[in-house]
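To start, the structure under review is shown below, and the notes come after it.
The values are calculated or read from the model by the stated rules, or taken from the named source; none is laboratory data. Being a predicted model, the structure only gives us computed values, none of them experimental. No Cβ is skipped: glycine too gets one built from the backbone with ideal geometry, and neighbour counts run over all protein chains shown. Only protein heavy atoms, including side chains, enter the accessible area calculation; ligands, DNA and RNA are left aside. Shrake-Rupley method; radii C 1.70, N 1.55, O 1.52, S 1.80 Å.
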Amino acid sequence: MADEVTLLDFWPSPFGMRVRIALAEKGIKYEYKDEDLRNKSPLLLKMNPVHKKIPVLVHNGKPICESLIAVQYIDEVWSDRSPLLPSDPYQRAQARFWADFVDKKIYDAGRKVWTTKGEEQEAGKKEFLDALKLLEEQLGDKPYFGGDNIGYVDVSLVPFYSWFKAYETFGNINIEKECPKFIAWAKRCLQKESVSKSLPDQNKVFDFIVEMRKKFGLE
Amino acid sequence: MADEVVLLNFWCSPFCLRVRISLAEKGINYECKEEDLMGNKKSSLLLQVNPVHNKVPVLIHNGKPISESLNIVEYIDEVWSDTSPLLPSDPYQRAQARFWADYVDKKIDDSQSKLLLASKEEQEAARKSFLDILKLLEEQLGDKAYFGGDKFDFADIAFVPYYCFFKTYEILGNFKMVEECPKVVAWAKRCMEKESVSKSLPDPHKVYELFVEVRKKFGVQ
């Protein structure tokens with residue numbers, strides 16, 4: 001029986017991008033549904049009644065919510081190819097730890113960079129760059145966080161790269177100057193089709209953020 | 001070679017309790033090292049093994065540290081996989097278990113913290129917010145014995161540590177848990193019938209005494 005896979009998503013969401021990359025890595029065919037977050041579809045509200053958020057992976061009618069949970073699910077169901085998590089329990093724990101770190105630090109600090117001003121923004125910038133530097137250290141000399149191929153941490157992190165033009169412009173920071181290894185890693189990931197086809201263009205995201213800032217009255 | 005298992009702990013941290021329950025479920029012998037978090041004196045060992053967050057719990061297995069409570073529980077389940085599974089084997093059921101454990105992390109912890117530290121003015125809002133979240137869990141539990149169904153597992157482990165705080169919530173929030181969410185209370189008592197839970201959770205009176213002290217420290221009226 002053919003699998004029926006649908007992804008409820010929103011094109012600039014880094015969380016949605018994680019699931020897109022995982023599906024692409026595994027070569028899974030799926031239907032992509034872009035949500036209008038100001039007017040959420042009845043399907044989204046039915047599939048994620050608790051948080052009402054994207055992404056939601058729907059597999060044969062059954063919903064899986066929360067991006068990292070969906071990525072792990074994909075890895076477990078389609079376990080015969082392109083493993084995203086290592087097989088060793090300790091390495092798996094390390095991968096989960098760093099993906100959780102990305103969740104805790106990158107999104108919130110990044111958000112402060114493009115939505116705030118003054119002291120709050122300065123604090124956000126510092127948090128954001130410190131987090132990137134720690135991740136750079138963690139990467140070390142490996143081509144990817146997953147080793148020779150992209151893995152769970154790469155999938156959880158690289159989507160934020162599509163937001164870098166926005167962070168740099170509104171935060172007045174030069175990420176390549178501060179974290180050159182990080183940029184090199186991101187560009188290396190983008191050479192993979194699963195990533196390049198899943199991430200929107202930085203300029204497109206930038207234009208979206210400009211619109212969002214207008215809506216929030218930040219201009 | 002015998003496994004060397006050490007847990008850097010704080011006696012009433014729900015996050016540490018998750019790990020202790022899991023270790024007990026698997027029958028693992030370990031050394032428990034208590035951190036002095038009230039005295040604000042984190043050990044040099046803690047700072048060394050969790051340099052990123054400097055937090056408990058940290059499980060140290062044969063010298064190698066694992067941090068973040070739910071991460072540790074999954075690790076324990078994978079390493080000691082021959083007994084008492086802590087997660088279902090079906091990928092969809094696993095995803096559901098992880099979702100509800102994540103819900104406890106995202107919603108319960110923050111809202112119960114606010115309730116514990118709420119001043120008289122903030123109490124009403126803090127209590128309402130907390131009860132709304134509990135009611136969602138009550139609905140999710142429904143008529144099942146445990147969150148996952150018939151078996152005590154991951155989502156139960158994530159949430160049951162807060163049972164030792166119920167008395168504190170009731171006194172500070174001026175309500176009765178059994179009136180507001182009777183199914184959750186019944187579920188918690190069912191979990192407490194398990195030795196891994198009853199032997200791990202501290203005395204609720206001691207937890208209340210701690211929060212009286214914490215509130216004094218923060219100058220909360």
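How many percent of DSSP beta bridges within chain B run antiparallel, rounded to 5?
Values: 10 of 14 bridges.
Restricted to chain B, the bridges split so that about 70 percent are antiparallel.
Given the DSSP H assignment, sum -39500 (n - 2.57) over each helix run of at least 4 residues in chain B and divide by its residue total; what's the result at 222 nm in deg cm²/dmol, nearest 500?
-16000 deg cm²/dmol
How many angstrom lie between the Cα centre of the stretch A:115-182 and the Cα centre of the stretch A:24-102?
22 Å
Once you keep just the Cα pairs under 8 angstrom separated by 6 or more residues, what percentage relative contact order results for the stretch B:1-98?
31 percent.
Holding the Cα-Cα limit at 21 Å, pick out from A:52/B:135; B:114/B:217; B:183/B:216; A:33/A:62 the pairs that are longer than that.
Over 21 Å apart, Cα to Cα: B:183/B:216.
Using a loss threshold of 50 Å², tell me which positions in the stretch B:89-112 are less accessible in the complex than in their chain alone. Probe radius 1.4 Å, ligands and nucleic acids ignored.
So the qualifying set is B:91, B:92, B:98, B:99.
Who wins for biggest fluctuation among A:111, A:81, A:38 in a Gaussian network model of chain A, springs between alpha carbons below 10 Å?
In the Gaussian network model the winner is A:38.
Considering only protein heavy atoms and a probe of 1.4 Å, how much of the accessible area of the stretch A:1-79 is carbon and sulfur, as a whole percent? Don't skip to the end; give the middle numbers.
On the way: 1800 of 3410 Å².
C and S fraction of accessible area: 53 percent.
Looking at the protein assembly as shown, send over the antiparallel percent of its DSSP beta bridges, to the nearest 5. Let's see the in-between values first.
Values: 19 of 27 bridges.
Here the share of antiparallel DSSP bridges comes out near 70 percent.
Quote the relative contact order of chain A in percent (integer), defining contacts as alpha-carbon pairs under 8 Å separated by 6+ residues.
Numbers: 268 pairs, mean separation 44.8, N = 219.
With pairs under 8 Å counted, the relative contact order is 20 percent.
Picking from A:67, A:13, A:82, which is most flexible by a Gaussian network model of chain A using Cα springs under 10 Å?
A:82
Per residue and in cubic angstrom, what volume does the convex hull of the Cα atoms of the protein assembly as shown have?
It is 170 Å³ per residue.
Among the DSSP beta bridges whose two residues both lie in the stretch B:1-117, what percent are antiparallel, rounded to the nearest 5?
Working: 9 of 13 bridges.
Given both bridge residues lie in the stretch B:1-117, the antiparallel proportion sits at roughly 70 percent.
Once the dipole of the protein assembly as shown is set up with Lys and Arg at +1 and Asp and Glu at -1 on Cβ about the Cα centre, which of B:21, B:53, A:208 lies farthest towards its positive end?
A:208
Let's see if you can work this out: charge +1 on each Lys and Arg Cβ, -1 on each Asp and Glu Cβ, no other charges. What is the dipole magnitude of chain A about its Cα centre, in debye to the nearest 20?
420 debye
Could you report the protein assembly as shown's accessible area per residue, 1.4 Å probe, as an integer in Å²?
Dividing the accessible area of the protein assembly as shown by its residue count gives 47 Å².
Only Cα pairs within less than 10 Å get springs; with that Gaussian network setup on chain B, which residue of B:116, B:136, B:87 has the largest fluctuation?
In this elastic network of chain B, the residue with the biggest mean-square fluctuation among B:116, B:136, B:87 is B:136.
If each of residue B:82 and residue A:196 carries a label point 7 Å out from its Cα toward its Cβ, how far apart are those two points in nm?
4.9 nm
Using a 10 Å cut-off around each Cβ of peptide A:62-74, what is the average number of partner chain Cβ atoms that fall inside?
4
Normalising by the residue count of chain B, find the relative contact order in percent from Cα pairs under 8 Å and 6+ residues apart.
21 percent
Probe 1.4 Å, all protein chains in place: accessible area of residue B:25 in Å², nearest 10?
40 Å²
At the nearest 100 Å², what buried accessible area, both sides summed, do you get for A and B when the probe is 1.4 Å?
Values: alone 11280 and 11440 Å², together 20500 Å².
By this definition, chains A and B bury close to 2200 Å².
Please compute the volume of the convex hull spanned by the alpha-carbon atoms of the stretch B:59-202 and report it per residue in Å³.
Per residue, the Cα convex hull of the stretch B:59-202 comes to 122 Å³.
Along the charge dipole of the stretch B:24-151, Cβ charges K/R +1 and D/E -1, which of B:149, B:86, B:112 sits furthest on the positive end?
Positive-most Cα among the choices belongs to B:112.
Based on the alpha-carbon gyration tensor of the stretch A:149-208 and its eigenvalue square roots a ≥ b ≥ c, which shape applies: rounded if a/c is under 1.5, prolate if not and a/b is larger than b/c, or oblate? Intermediate results must be reported in sequence, preceding the final value.
On the way: a/c = 2.26, a/b = 1.33, b/c = 1.70.
Note, shape of the stretch A:149-208 comes out oblate.
Which of the three applies to the stretch B:103-166, rounded, prolate or oblate, going by the alpha-carbon gyration tensor with a ≥ b ≥ c and a/c under 1.5 meaning rounded?
Details: a/c = 2.93, a/b = 2.11, b/c = 1.39.
Prolate, since a/c reaches 1.5 and a/b exceeds b/c.
With θ set to phi - 60°, apply the Karplus curve 6.51 cos²θ - 1.76 cosθ + 1.60 along the stretch B:175-185 and write out the HN-Hα couplings as whole Hz, x wherever there is a Gly or Pro.
8, 10, 4, 5, 7, 7, 9, x, 5, 4, 5
Kirkwood-based Rg over Rh for chain A (C-alpha set), two decimals? Before the final figure, lay out each step's value.
Numbers: Rg = 17.2 Å, Rh = 18.0 Å.
Across chain A, the Cα-based Rg/Rh ratio is 0.96.
Just the number: Rg to Rh for the stretch A:38-141, Cα atoms, Kirkwood Rh, two decimals. Numbers along the way, then the final one.
Values: Rg = 17.4 Å, Rh = 16.4 Å.
Ratio of gyration radius to Kirkwood radius: 1.06.
Computing the accessible area with a 1.4 Å probe over protein heavy atoms, can you report the carbon and sulfur percentage for the stretch B:96-221?
C and S atoms contribute 49 percent here.
Starting from the Cα gyration tensor of the stretch B:1-51, take the square roots of the eigenvalues, sort them a ≥ b ≥ c, and report rounded, prolate or oblate (rounded when a/c is under 1.5, otherwise prolate if a/b is larger than b/c, else oblate). The partial results should precede the final answer.
Working: a/c = 2.63, a/b = 1.44, b/c = 1.82.
Oblate shape, in that a/c is at least 1.5 and b/c is the bigger or equal ratio.
Any idea of residue A:120's accessible area? Nearest 10 Å², probe 1.4 Å.
100 Å²
Express in Å², to the nearest 10, the accessible area of residue A:3 obtained by rolling a 1.4 Å probe over the protein heavy atoms while all chains stay in place.
80 Å²
Mind checking the dipole of the stretch B:70-221: about its Cα centre, +1 per Lys or Arg Cβ, -1 per Asp or Glu Cβ, Debye to the nearest 20?
Computed charge dipole of the stretch B:70-221: roughly 520 debye.
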